[in-house]
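To keep things clear, I will list the structure first and then write my remarks on it.
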Amino acid sequence: MTGPTPLVDTHAHFLTPDYVHAARAAGHLHPDGMGAWPTWSAEAHIRLMDRWGVKISFLSISSPGTHFGDDPKARALTRHVNESAAAVRREHPNRFGHFASLPLPDVDGALAEVAYAMDHLGSDGVTLETNTHGVYLGDPGYEPLYAELNRRRTPVFLHPTSPPHAEDVALGRPRPMLEFIFDSTRTVSDLLFSGVFQRYPDISWIISHGGGALPLLTDRMELFRSVFSEGAEGLGLVPEQVSRLWFDMAGTPFPHQIPALTAVVGSHRLLYGSDYCWTPVAGVDAQIASIAAAPQPGDDTWRALTTRNAHRLFSRLTHTHQEQ
C-alpha cells in the first residue's frame, strides 16, 4: 500500500452461513432490532480493506454472540465460528487476525474454548459480549475465566449487545443506535466496581465505540466511588482505571466522540475500528473520510497513531511486518 499509514482494524466482523442459520433458528430474525443480517466473504472484505487502506483486520462474531440458551449447542457453534475464522486467517495470514468467541455464560465451556483457541487455533484474543442473557461481566461466577485470561495475558475485545428487556427500552429503534452504547458503559462500570480490572491487571480490555458514554460519565462514577459507595474504599480511582483500557473508534469518531474520549484518557491506547460488515460500506466510507478530515493530533495523524498503538498491543503485527 502507498499513501497514508495503513490501518489496523481491531473491530471487524465476519459471519458464516451455519452461524446465521443457528441465530435465526433461535429467533434472531432481526438481530438487535436491525433490518436484516449482512453478508460477508473474505474476498469482498479484502477488496474493501484495500479501498480503505486497512492492512489487517481482526475478525470477531458480533451480537448476539454464540449462546442461544443451550450449553452443548453453544459450545458446538462457538467451536464452528472459531475454526472458521482460523481457517480464514490461515488462508490470508497477513490480512486477518481473530478474536475467539466464548460460549458464556457457560464458564467451563468458555475455559475449554480459551485453551483451544489460543493453543491450537492461534487466536489473537477473545471477544465477550457486554452481557449474556442478562448476566453482566462483573458476575462473580466469571472469576475462573478472568483468572485464566489474566494468566495468559489475553486481550479481550468487548462488544456490546442488547440489554435485558431491550424491547421495552429501545422504543422500537435499532438497539445499536443507543442501547449498545449504554450497555458498554454499564458493563465497564460493573467490571470496575466489582474489582475485576484491579484483580486481573494483565488482561488488555478493548472497549468498542470510543468507550460508549464513559467519556461523559467517568467523573460521575468517581463521585459515587468516593462519596456514595460503601465498601468501595479499596477500589482505585475511576479515571486511572479507565485510562488503562484500550478503545476503538468504530462508529462516529468525529467530530465529537474521539475528542471527548482523548480529553479523558489520552490517545496512547486508541485503536482503529471499522465495524464492517455490520456497518455497511457507505458507513465505513463516511467514517474513514471523517478521520481524514478531522483535526489531526499535533504533528501526528490518527491513522499513524492508532496503528502504532495496535503494534504495541499485538506484538505479532511487528513480527509480521518485519518478515514481509
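The values are calculated or read from the model by the stated rules, or taken from the named source; none is laboratory data. Predicted model, so just to flag it, every value in this text is computed and none were measured. Note: ideal-geometry Cβ built from the backbone for every residue, glycine included; neighbour counts use all protein chains shown.
Sub-6 Å Cβ pairs linking a first residue in the range 169-185 that is among the hydrophobic types (A, V, I, L, M, F, W, C) to a second residue that is in a loop (DSSP other than H, G, I, E, B) and buried (at least 23 other Cβ atoms within 10 Å of the Cβ), at least 6 apart or interchain, are PHE180/PRO160; ILE181/GLY212, ordered by first then second residue.
Look through ARG173, ARG186, ARG199, ARG220 and report the one residue that is over 17 Å from LEU270 (Cβ atoms) and surrounded by 19 or more Cβ atoms within 10 Å (Cβ to Cβ). Explain how you work it out, then say what you get.
Details: ARG173 fails: surrounded by 19 or more Cβ atoms within 10 Å (Cβ to Cβ); ARG199 fails: surrounded by 19 or more Cβ atoms within 10 Å (Cβ to Cβ); ARG220 fails: surrounded by 19 or more Cβ atoms within 10 Å (Cβ to Cβ).
Step by step, each of ARG173, ARG186, ARG199, ARG220 is checked, and only ARG186 is over 17 Å from LEU270 (Cβ atoms) and surrounded by 19 or more Cβ atoms within 10 Å (Cβ to Cβ).
Among the conditions (1) without any contact (Cβ under 8 Å) to a residue 60 or more places away in the chain; (2) loosely packed, with under 14 Cβ neighbours inside 10 Å, the only one that LEU305 does not satisfy is (2).
Does GLY27 meet the test of being at positive phi, surrounded by fewer than 21 Cβ atoms within 10 Å (Cβ to Cβ) and in contact with a Pro (Cβ under 9 Å, 6 or more places away or on another chain)? Talk me through it step by step, then tell me what you get.
Values: at positive phi: yes; surrounded by fewer than 21 Cβ atoms within 10 Å (Cβ to Cβ): yes; in contact with a Pro (Cβ under 9 Å, 6 or more places away or on another chain): no.
So GLY27 does not fit the description; no.
When you look at ASP168, is it of a type in the set (Asp, Glu), buried (at least 20 other Cβ atoms within 10 Å of the Cβ) and outside any loop (DSSP other than H, G, I, E, B), yes or no? So ASP168 fails the test. Looking at GLY195, GLY212, just one residue is at positive phi and within 16 Å of the chain's Cα centre (by Cα), and that residue is GLY212.
Taken over the range 264-284, the criterion of being without any contact (Cβ under 8 Å) to a residue 40 or more places away in the chain, exposed (fewer than 15 other Cβ atoms within 10 Å of the Cβ) and not hydrophobic (A, V, I, L, M, F, W, C) is satisfied by GLY266 alone. Return only the number of the condition from (1) β-branched (Val, Ile, Thr); (2) part of a helix (DSSP H, G or I); (3) under 18 Å from the mean Cα position of the chain (by Cα) that THR10 does not satisfy. Going through the list (1) β-branched (Val, Ile, Thr); (2) part of a helix (DSSP H, G or I); (3) under 18 Å from the mean Cα position of the chain (by Cα), THR10 breaks only (2). One residue stands out in the range 155-165 among those that are touching a residue at least 12 places away in the same chain (Cβ under 8 Å) and not in a strand (DSSP E or B): the one that is surrounded by the fewest Cβ atoms within 10 Å (Cβ to Cβ), namely PRO164. The lone criterion from (1) surrounded by 14 or more Cβ atoms within 10 Å (Cβ to Cβ); (2) under 19 Å from SER194 (Cβ atoms) left unmet by GLY234 is number (1).
LEU245: closer than 29 Å to LEU192 by Cα, at pLDDT 95 or above and surrounded by 17 or more Cβ atoms within 10 Å (Cβ to Cβ), yes or no?
On the way: closer than 29 Å to LEU192 by Cα: yes; at pLDDT 95 or above: yes; surrounded by 17 or more Cβ atoms within 10 Å (Cβ to Cβ): yes.
Yes; evaluated as a whole, the condition is true for this residue.
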